[in-house]
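Have a look at the structure below before the remarks.
The values are calculated or read from the model by the stated rules, or taken from the named source; none is laboratory data. What you see is a predicted model; the values in this text were computed from it and never measured. Backbone-built Cβ (ideal geometry, glycine too); neighbour counts: all protein chains shown. What goes into the accessible areas is simple: the full protein's heavy atoms, side chains included, and nothing from ligands, DNA or RNA. Shrake-Rupley method; radii C 1.70, N 1.55, O 1.52, S 1.80 Å.
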Amino acid sequence: MVERVYNFSAGPGTLPLEVLQQSAKDIVNFSNTGTGIIEMSHRSKEFMAVTEDAETLLRQTLKIPNNFKILFLQGGASSQFFMIPMNLLGGTKKATYLNTGTWAKKAIKEAKLFGDIDVAYSSEDVLFNNVPSNNQYQVNDYSEYLYFVSNNTIYGTQFAEFPDSEKMLISDMSSDILSRSIDFSKFGLIFAGAQKNMGPAGVTIVIIRDDLLDRTPPNTPTMLSYKTHADKGSMFNTPPCFGIYVVGEVLKWLKEKGGINAVATINRRKANLLYNAIDNSEYYRGHADSASRSLMNITFNLPTPALEEKFIKETSAINLKGLKGHRSIGGCRASIYNAFPEDGVKKLVDFMDTFKSDNPA
Ligand code: PMP
């Protein structure tokens with residue numbers, strides 16, 4: 001087998017090797033049925049069990065209360081940008097959003113199609129290098145919900161604490177779900193595309209409080225109503241079968257690793273290694289404000305764009321792949337999701353030290 005590289009890609013991101021190997025087997029012959037997992041009816045008892053197991057494991061892993069439904073949907077995380085206001089913005093038709101990056105901005109644009117959106121905070125003028133603390137914005141009294149992106153994949157910022165608000169919270173957790181625990185009592189809905197911390201692209205997980213299912217206006221297209229999918233256990237139509245299966249396998253892997261708290265500790269350790277390397281040099285400069293730093297995506301710059309290019313080329317040559325920053329901010333980005341090995345972070349930190357000595361500014 002070709003040597004496995006350290007894959008720092010922001011998403012689709014690295015998955016546990018064990019999960020890939022098991023998936024490869026199950027694609028050909030799932031559980032000795034003589035049928036591959038991607039050629040099996042979604043209504044077969046075998047596949048129904050796969051879905052139920054994935055759902056049960058997700059509920060256990062994140063301690064999701066029984067009054068929340070778990071949905072496996074298609075359309076990417078981006079479809080939630082409109083499904084949320086379309087389904088939930090009844091009543092006052094007002095909601096508050098925090099503009100902390102590209103994905104928040106896109107969600108705001110879609111929400112404006114359905115209601116009166118108050119953007120209570122924006123860090124756009126400083127290239128989204130921070131997320132606000134509670135005293136930096138006010139939530140409009142008439143808002144139905146407060147929407148925020150818990151981890152801003154592109155800019156490398158993350159809410160260390162979720163907003164403290166009387167309003168129900170709605171959050172895009174695409175790039176940090178399963179990396180820490182969540183107090184669901186504050187939330188109405190959480191969603192995440194699977195392709196960073198949970199599985200392959202193609203399945204989006206929505207966790208929604210069940211009383212919200214009745215808010216959907218009657219003229220909502222059937223496929224775009226949360227209730228449609230909730231009532232049919234995500235089997236109203238053909239669900240993203242392979243994605244659901246892999247999410248289940250990732251959840252089994254996570255359980256074996258000791259669950260959310262165990263990976264949260266490792267995640268912190270991995271991120272600290274990198275942030276220390278940044279903080280202990282003038283050469284590497286972190287993009288995010290210290291208080292807003294993400295444990296999942298670490299963004300940094302070198303003294304010049306030419307040095308950044310050289311750094312990315314040389315890291316790639318030693319199998320540290322995918323370190324180029326997003327085109328909107330440039331520089332470098334190390335995405336170190338749950339499945340990213342600690343040894344890969346150590347290798348990067350060692351290389352950073354060597355590169356700095358070999359290439360003075
Ligand atoms: N939200 C966040 C935080 C993301 O990082 C991304 C994708 N990188 C998206 C939403 C969009 O996801 P999708 O491509 O599944 O629509």
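Using only DSSP helix segments of four residues or longer, with each worth -39500 (n - 2.57), what per-residue ellipticity at 222 nm results for the chain after dividing by its residue count and rounding to 500? Please report the intermediate quantities before stating the final value.
Working: 9 runs with 126 residues, N = 361.
Mean residue ellipticity at 222 nm (helix-derived): -11500 deg cm²/dmol.
Please turn the phi angles of the stretch 285-300 into ³J(HN,Hα) values with the Karplus equation 6.51 cos²θ - 1.76 cosθ + 1.60 (θ = phi - 60°), one per residue in order, whole Hz, x for glycine and proline.
10, x, 7, 7, 4, 3, 5, 10, 5, 8, 8, 9, 10, 10, 9, 7
About the Cα centre, and with charges only on the beta carbon of Lys, Arg (+1) and Asp, Glu (-1), how big is the dipole of the stretch 155-217? Nearest 20 debye, please.
On the way: 6 positive and 9 negative charges, 41 e Å.
In debye, rounded to 20, the stretch 155-217 gives about 200.
In whole Hz and in residue order, list the ³J(HN,Hα) couplings for the stretch 344-361 that follow from phi through the Karplus curve 6.51 cos²θ - 1.76 cosθ + 1.60, θ = phi - 60°; x for Gly and Pro.
Karplus values, whole Hz, x for Gly and Pro: x, 5, 4, 4, 5, 4, 4, 5, 4, 5, 4, 4, 4, 5, 6, 10, x, 5.
Please work out the FRET efficiency for the pair D214 and I27, using the Cβ-Cβ distance as r and a Förster radius of 30 Å; give the result to the nearest 0.05.
Working: r = 39 Å, r/R0 = 1.31.
Using R0 = 30 Å, I get an efficiency of 0.15.
Between S179, G193, P221, whose Cα lies farthest towards the positive end of the dipole of the chain when Lys and Arg beta carbons carry +1 and Asp and Glu beta carbons carry -1, centred on the Cα centre?
P221
Please give the net charge around Q80, taking every other residue with its beta carbon less than 12 angstrom from that of Q80, where Lys and Arg add +1 and Asp and Glu add -1. Don't skip to the end; give the middle numbers.
On the way: positive: K106; negative: E110, D172.
Cβ neighbours under 12 Å give a net charge of -1.
Under 5 Å between amide H atoms, partner at least 5 residues away or on a different chain: which partners does N297 have, H built in plane at 1.01 Å?
The list, which skips near neighbours in sequence, is I336.
Could you sort out which of K232/K257; K270/K324; K105/K321; K106/K167 sit more than 30 Å apart by Cα distance in this structure? Walk me through the intermediate numbers first.
Details: K232/K257 32 Å; K270/K324 19 Å; K105/K321 28 Å; K106/K167 22 Å.
Long pairs (Cα-Cα over 30 Å): K232/K257.
From largest to smallest, what semi-axes in whole angstrom does the chain give when each is the square root of 5 times an eigenvalue of its alpha carbon gyration tensor?
Working: eigenvalues 226, 159, 50 Å².
Taking √(5λ) for each Cα gyration eigenvalue gives 34, 28, 16 Å.
Could you state the number of Å between the C-alpha centres of the stretch 119-133 and the stretch 288-361?
Answer, in whole Å: 23.
Using θ = phi - 60° and the Karplus curve 6.51 cos²θ - 1.76 cosθ + 1.60, what whole-Hz ³J(HN,Hα) does each residue of the stretch 42-55 get, with Gly and Pro shown as x?
5, 9, 5, 5, 5, 6, 4, 5, 4, 5, 4, 5, 4, 5
With Cβ to Cβ distances under 14 Å as the rule, what net charge do the other residues near E314 carry (K, R +1; D, E -1)?
Local net charge: +1.
Please list the non-local residues whose amide H lies under 5 Å from the amide H of Y147, H modeled 1.01 Å from N, same-chain partners needing a gap of 5 or more.
Those lying under 5 Å, H to H, from Y147 are T96, Y97, L98, I170.
Could you tell me whether the stretch 184-223 comes out rounded, prolate or oblate from its Cα gyration tensor? Rule is a ≥ b ≥ c as square roots of the eigenvalues, rounded for a/c under 1.5, then prolate if a/b exceeds b/c, otherwise oblate. Walk me through the numbers before you get to the answer.
Numbers: a/c = 4.46, a/b = 1.44, b/c = 3.09.
Note, shape of the stretch 184-223 comes out oblate.
For the chain, with the dipole built from +1 on Lys and Arg beta-carbon atoms and -1 on Asp and Glu ones, taken about the Cα centre, which of Y145, V126, N7 lies farthest toward the positive end?
Most positive-ward Cα: N7.
Select from the stretch 250-279 those trypsin sites (Lys or Arg not before Pro) which occupy a DSSP coil region and have at most 15 other Cβ atoms within 10 Å, ordered by residue number. Working shown, then result.
Values: sites: K252, K255, K257, R268, R269, K270; in loops: K257.
Sparse-neighbourhood loop trypsin sites (Lys or Arg not before Pro): K257.
With a 1.4 Å probe and all protein chains left in place, how much of the accessible area of the stretch 85-167 comes from carbon and sulfur atoms, in whole percent? List each step's numbers first, then the result.
On the way: 1650 of 3600 Å².
Roughly 46 percent of what the probe reaches on the stretch 85-167 is carbon or sulfur.
Can you pull a Stokes-Einstein diffusion coefficient for the stretch 107-210 at 20 °C (1.002 mPa s), Rh from Kirkwood over Cα pairs, as a whole number of µm²/s? Don't skip to the end; give the middle numbers.
On the way: Rh = 14.7 Å.
It diffuses with D of about 146 µm²/s by this estimate.
Sum up the charges of everything whose Cβ sits under 15 Å from the Cβ of D125, counting Lys and Arg as +1 and Asp and Glu as -1, but leave D125 out.
Working: positive: K105; negative: E124, D289.
Result for the neighbourhood of D125: -1.
Taking amide H positions as placed 1.01 Å from N in the peptide plane, with prolines and chain starts having none, which residues 5 or more places from K324, or on another chain, fall under 5 Å of its amide H?
The list, which skips near neighbours in sequence, is R333.
With both partners inside the chain, how many of the DSSP beta bridges are antiparallel, as a percent to the nearest 5? Don't jump to the answer; show the numbers that get you there.
On the way: 21 of 40 bridges.
If I count the DSSP bridges inside the chain, around 50 percent turn out antiparallel.
Placing +1 at every Lys and Arg Cβ and -1 at every Asp and Glu Cβ, with all other atoms neutral, what dipole size does the chain have around its Cα centre, in debye to the nearest 20? Numbers along the way, then the final one.
Working: 38 positive and 38 negative charges, 69 e Å.
Computed about the Cα centre, the dipole is about 340 debye.
Show me the ranking of peptides 144-157, 126-139, 72-85, 232-245 by mean Cβ neighbours inside 10 Å, starting with the highest.
Numbers: 144-157: 27.4, 126-139: 16.6, 72-85: 21.1, 232-245: 18.6.
Output ranking for 144-157, 126-139, 72-85, 232-245: 144-157, 72-85, 232-245, 126-139.
Taking the Cα atoms of the stretch 137-269, what is the range of coordinates along each of the three principal axes, in descending order and whole Å?
So the three principal-axis extents are 47, 42, 26 Å.
In whole angstrom, how far apart do the alpha carbon centroids of the stretch 213-261 and the stretch 140-203 sit?
What the calculation gives is 16 Å, centre to centre.
In debye, nearest 20, what is the charge dipole magnitude of the stretch 1-155 about its Cα centre with +1 on Lys and Arg Cβ and -1 on Asp and Glu Cβ, if you could check? Spell out each step's value before the answer.
Numbers: 13 positive and 15 negative charges, 37 e Å.
For the stretch 1-155, the charge dipole is close to 180 debye.
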